[in-house]
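Below is one structure; the comments refer to it alone.
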Amino acid sequence: MNPHRRGIAASAVVFAAIVLGFVFQETLLGGTLRRQTTAAEGIGSVDGTRIARADEEPGNWYTVGRTFSEQRFSPLAQITQENVDALGFAWEYDMRTTRPLEASPVVVDGTMYASGNWGRVHAVNAATGEEMWSYDPRVPGSWARKACCGVVNRGLAVWKGSVYVGSLDGRLIRLDATTGEPLWEQDTLIDRQRDYTITSAPRIVRDRVIIGNSGAEYGVRGYISAYDTASGELAWRFYTVPADPSQPFEHPELEMAAATWDPQSLWEFGGGGTVWGGMAYDPELNLLYVGTGNASPYPVATRSPAGGDNLFLASILAIDPDTGRLAWHYQTTPGENWDYTATANLILAEMEIDGRQRRVIMQAPKNGFFYVIDRATGELLSAEPYVTVNWASHVDLETGRPIQVPAGNYDEEPKQVSPSWWGGHNWHPMAFSPMTGLVYIPTIEWPTIFARVPDPIYRPGQQTVGVTTQGGSFPLDPPVEDAPHALKAWDPVANREVWRVGYRFPYNGGLLATAGNLVFQGTVDGRLKAYAADTGAEVANIEVGTSIMAAPVAFLVDGTQYIAVEAGYGGGANARPFPEGSAAIERGNAGRIIAFKLGGGGVPLPPLVDPRAEIPLPSRPDASPETLAEGGRLYRRFCADCHRIDDHPTVAPNLLRMDVAVHDVFERIVLEGLLEANGMPDFGREITADEVEEIHAFLVETAHDVRGIE
Ligand code: CA
């Protein structure tokens with residue numbers, strides 16, 4: 001279809017939807033939230049006007065964070081603290097994966113649009129879970145090797161009858177919201193020899209779709225790109241870090257940035273600063289806010305030997321979405337040194353601080369400080385630690401700079417640093433309730449020991465971060481009585497914790513707050529929990545049988561309020577064993593969207609998988625100790641990033657538990673890409689047939705040992 005004509009048609013539909021919206025508003029009687037649309041035509045007819053007035057249509061969830069402010073707060077109040085104990089199963093949708101799921105769906109006029117692994121998109125009836133269409137970008141399985149933290153996707157955008165999603169292999173794709181047919185796609189990667197991916201949600205403002213990339217652990221240079229929603233044409237690109245300053249700067253801001261880098265920096269590593277998470281938009285100020293990622297490689301002493309702030313790593317950028325020019329910036333971690341991304345979700349709100357009404361932007365980045373910033377000017381209003389922080393004593397509000405202390409400096413010798421590279425808060429979205437004035441943060445309390453690797457070498461296709469890290473004094477599998485990781489309710493004005501719910505294991509789910517005085521969170525042990533937003537009292541605890549990391553959403557269809565969430569474990573925890581007691585260990589990490597409503601029954605649980613059930617094994621290999629040792633070495637080099645070597649289940653298949661049929665085609669899987677469609681890369685260029693035999697011998701031998709079989 002002619003994109004121009006399509007635009008006119010979509011505009012007419014949007015106009016009709018707005019008119020209908022006003023008509024329906026008239027039926028808002030007695031304060032009940034009973035607005036309903038019947039948008040049989042014009043599916044997904046979202047635009048800036050509608051999003052800006054999102055509170056008038058509280059039944060919709062327009063963006064990954066519901067609105068431009070991305071508070072992840074729903075004004076719906078049919079489900080309340082008083083009745084949430086009757087919350088139960090409404091429907092489920094099979095995502096046909098056992099890989100990690102991290103997205104919050106968009107729900108518009110009764111249709112849910114959800115993204116999954118690789119950038120797959122599923123459109124379902126939001127009242128029934130019935131599939132309308134699904135789209136697979138058909139990413140080659142070899143791209144799994146370029147994703148540090150799983151082949152994940154954190155969301156999509158819906159705009160004027162189209163759905164926009166990034167595929168793992170770097171394409172921005174526009175789909176027809178009614179049919180799922182692709183309308184255009186753009187290659188967002190500036191260099192296909194570098195290990196870029198897309199894992200984040202695009203955002204759309206003023207008919208521009210903005211997308212960043214992931215990959216800083218593999219040596220890339222961060223940037224965001226803005227495309228015209230109708231034509232797909234590139235409007236502008238903003239690089240978050242300079243390239244080698246002997247080359248011309250692509251835009252004026254990079255001259256300022258380059259002055260904060262050693263000219264002799266390790267430019268070959270790309271610098272990092274990738275944009276793979278938080279964004280938000282203020283339509284009145286017309287500013288787009290973007291969080292930038294960690295450095296490449298991590299240690300500043302390696303990367304930029306003379307030091308310097310290394311702008312715009314680990315920063316919040318305010319950008320004019322029409323021009324791509326920078327309005328202001330705030331760097332959370334000058335001279336980023338610890339994988340302290342500032343890509344956690346960004347939330348806009350209004351609040352009174354020191355007697356003045358302020359329009360603020362808030363973030364809890366990995367570095368452990370909670371930031372409240374005036375979003376018109378970039379002025380830092382407060383920055384207080386929300387978890388244990390030992391790399392800085394405090395943030396100086398005059399200069400806006402953290403005061404770094406020797407405890408965090410591992411230039412000369414290894415140091416145990418808090419937070420770890422996992423951060424005090426990772427990508428799992430926090431939420432803000434304007435009713436309680438509190439922010440709800442899924443926090444991680446885990447230090448790690450950082451040690452520099454001398455003279456790291458950039459190699460395409462390999463993670464090279466310039467440090468080794470290992471667990472610190474808090475074990476990842478803590479004693480049962482310990483609950484160091486917590487959902488914290490944080491007062492952003494008084495800068496204090498108001499309540500907390502402790503968890504034994506990290507990596508619990510993102511948050512949803514609702515006007516029913518509720519906060520919803522999925523947990524790593526496979527439950528959907530609800531807490532009273534003001535006190536933290538647990539008011540619902542529903543077993544779903546699958547670990548949850550993603551943040552839930554709330555919406556209304558035909559007068560019924562639903563809560564829905566993507567369930568599926570992994571991500572940054574991909575190659576780690578599932579914690580004991582996790583639902584995924586027992587029920588196989590069955591990737592699903594699960595929706596809940598009042599009066600629903602119990603959630604159907606996936607069948608139990610016995611991870612220690614007997615599986616037939618080939619007999620012990622006739623191999624020398626040297627061959628087995630070499631097989632083990634090759635296994636650790638090529639396989640162990642995804643496939644655990646012990647007998648614990650993980651997201652990727654446990655190779656000690658392969659079926660006989662898999663043993664038979666093991667060589668073809670490794671060398672010919674037989675399971676590439678499942679995300680198992682083809683190693684034919686790196687591993688020889690003899691080496692595959694050595695790896696296989698090692699696996700079979702180890703499986704016998706682990707199971708105590710002669
Ligand atoms: Ca990182």
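Throughout, read-outs are computed from the coordinates displayed, never taken from laboratory work. None of these values were measured; they are calculated from a predicted model. Positions of Cβ are backbone-derived with ideal geometry, glycine not excepted, and every protein chain shown enters the neighbour counts.
Might you report the magnitude of the Cβ-based charge dipole of the chain about its Cα centre, with Lys and Arg at +1 and Asp and Glu at -1, to the nearest 20 debye?
Around 1240 debye, computed over the chain.
What residues qualify as long-range amide H neighbours of L183, i.e. H under 5 Å apart, gap of 5 or more or another chain, H built at 1.01 Å from N?
Placed amide hydrogens put R174, L175, D176 under 5 Å from L183.
If you only keep lysine pairs separated by 8 or more in sequence, or across chains, how many in the chain come under 26 Å at the Cα atoms?
Lysine pairs meeting the criterion: 7.
Work out the FRET efficiency for T688 and T128 from their Cβ-Cβ distance, taking R0 = 60 Å, and round it to the nearest 0.05.
0.70
May I ask you to compute the full-extension gain from D228 to E255, defined as 0.36 nm times their residue separation minus their alpha-carbon distance, rounded to one decimal in nm?
Residue separation times 0.36 nm, minus the Cα-Cα distance, leaves 7.0 nm.
Using the Cα centre of segment 33-598 as origin and beta-carbon charges of +1 (Lys, Arg) and -1 (Asp, Glu), tell me which of A532, G400, G270 is placed farthest towards the positive end of the dipole.
Working it through, the farthest residue towards the positive pole turns out to be G270.
Could you check the spin-label model distance between D558 and E284? Points 7 Å from the Cα along Cα→Cβ, value in nm.
3.9
Test of the criteria: in segment 396-464, which GluC sites (Glu not before Pro) are in a DSSP loop and have at most 12 other Cβ atoms within 10 angstrom of their Cβ?
Here the GluC sites (Glu not before Pro) that fit, given the DSSP loop and packing criteria, are E398, E412.
For a quick check of your reading of the filter: which trypsin sites (Lys or Arg not before Pro) in segment 130-213 sit in a DSSP loop and have no more than 15 other Cβ atoms within 10 Å?
In loop regions of segment 130-213 (DSSP not H, G, I, E or B), the sparsely surrounded trypsin sites (Lys or Arg not before Pro) are R138, R192, R206.
Taking 0.36 nm per residue of sequence separation and subtracting the Cα-Cα distance, how much length would be gained by fully extending the chain between A494 and V706, in nm to one decimal?
71.0 nm
In segment 33-598, how does Rg compare with the Kirkwood Rh, expressed as the Rg/Rh ratio over alpha carbon atoms?
0.94
Given a Förster distance of 45 Å, report the FRET efficiency between T323 and E413 from their Cβ-Cβ distance, rounded to the nearest 0.05.
For T323 and E413, the calculated efficiency is 0.45.
Per the helix-only calculation at 222 nm, which mean residue ellipticity applies to the chain, given -39500 (n - 2.57) for every DSSP H run of n ≥ 4 and division by its residues, nearest 500 deg cm²/dmol?
The helix contribution divided over the chain gives -3500 deg cm²/dmol.
List the residues whose amide H sits under 5 Å from the amide H of S45, counting only those 5 or more places along or on another chain, with H placed 1.01 Å from N in the peptide plane.
Placed amide hydrogens put G161 under 5 Å from S45.
Restricting to DSSP loop positions (anything but H, G, I, E, B) with no more than 14 other Cβ atoms inside 10 Å of their own Cβ, which trypsin sites (Lys or Arg not before Pro) remain in segment 632-710?
Qualifying residues, ordered by number: R685.
Expressed as a whole number of Å, what is the distance separating the alpha-carbon centroids of segment 213-257 and segment 662-694?
Segment 662-694 and segment 213-257 have Cα centres separated by 36 Å.
Residue-wise, which Karplus ³J(HN,Hα) couplings in Hz belong to segment 428-441, taking 6.51 cos²θ - 1.76 cosθ + 1.60, θ = phi - 60°, and x for glycine or proline?
My calculation for segment 428-441 gives 4, x, 7, 9, 10, 10, x, 6, 8, x, 10, 9, 10, 10 Hz in order.
Could you work out how much longer the chain between D244 and E481 gets when fully extended? Use 0.36 nm per residue separation minus the Cα distance between them, nm to one decimal.
The span from D244 to E481 would gain 80.2 nm if fully extended.
Putting +1 on Lys and Arg Cβ atoms and -1 on Asp and Glu Cβ atoms, find which of G466, M430, L487 reaches farthest to the positive end of the dipole of segment 409-550.
M430
Can you give me the distance in nm between label points at A677 and D85, each placed 7 Å from the Cα along the Cα-to-Cβ direction?
4.9
How big is the antiparallel share of DSSP beta bridges in the chain, given as a percent to the nearest 5?
Rounded to the nearest five, the antiparallel share is 100 percent.
Enter the Cα centre distance for the pair segment 412-453 and segment 306-323, rounded to the nearest angstrom.
21
Any chance you could check the Cα centroid distance between segment 341-384 and segment 131-209 for me, in angstrom?
29
Calculate the dipole size of segment 210-275 relative to its Cα centre from +1 charges on Lys and Arg beta carbons and -1 charges on Asp and Glu beta carbons; express the result in debye to the nearest 20.
100
Please list 3J(HN,Hα) in residue order for segment 507-517, calculated via the Karplus relation 6.51 cos²θ - 1.76 cosθ + 1.60 where θ = phi - 60°; whole Hz, with x for glycine and proline.
Ordered by residue, 3J(HN,Hα) equals 6, 6, x, x, 10, 10, 10, 9, 6, x, 6 Hz.
Just name one of S246, G324, N508: the one whose Cα is farthest towards the positive end of the charge dipole of segment 33-598 (beta-carbon charges, Lys/Arg +1, Asp/Glu -1).
The Cα lying farthest towards the positive end belongs to N508.
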